[in-house]
Amino acid sequence: MKALSAGRQGFTLIELLVAVSIGIMLIVGGTVAANNFNARQKVEAVSSQIAEVVNLARNYAVTREKPAGYTDPVEYVVVTLSVGGTATLKVMAGNNTRVVDTVNTYTTRKIDIKDVSLTAVNDGDLIFSVPEGKLLKYYDVTHRLAVTRDDATDVEIRVVSDVDATYEKKIDISVSGVIEEK
């Protein structure tokens, strides 16, 4: 056997290039995995917050709870979703003689929707009947009434990642008021 040369110190240029290349590949792979993880977490968080507010509105309808300072009878609870830089969910009480306004607001929740898109299959606000908690179709501001549940249809809200469209979460709200995240 031949003994190693006593004068050899350090690594060859090829060995350094291989080590640096492997390091770069690991860093790139880790960055991609972290971005995918963050996109998935954002979709989960936004979906969960929306489902929580919708569930809260349904619970207000079932328990007939009134907002502070609201004295009229509550016939339905309305959830409006407006989208800008944040999604604003407003939960309000209403009846067929009073137009929904800010006086009867239970809560307003702002959700940061940066890097996600929201789509609702059905137009209009979500309205839950009191005391059944069933979903009505929408609130007609012109005629100041909630459309009866005979016209109601299931509602689906989709939360999709803008970073990777394969990350999607659905919130299904059935006519019977059942709220399910998929």
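Quick notes on this structure:
- Averaging 1/r across all pairs of distinct Cα atoms in the range 21-70 and inverting the result yields a Kirkwood radius of 14.2 Å.
- Maximal additional length on extending the T166-V28 stretch stands at 47.6 nm, based on 0.36 nm per residue less the C-alpha distance.
Coordinate-derived values only; no laboratory data. Quick caveat: nothing in here was measured; it's all calculated off a predicted structure.
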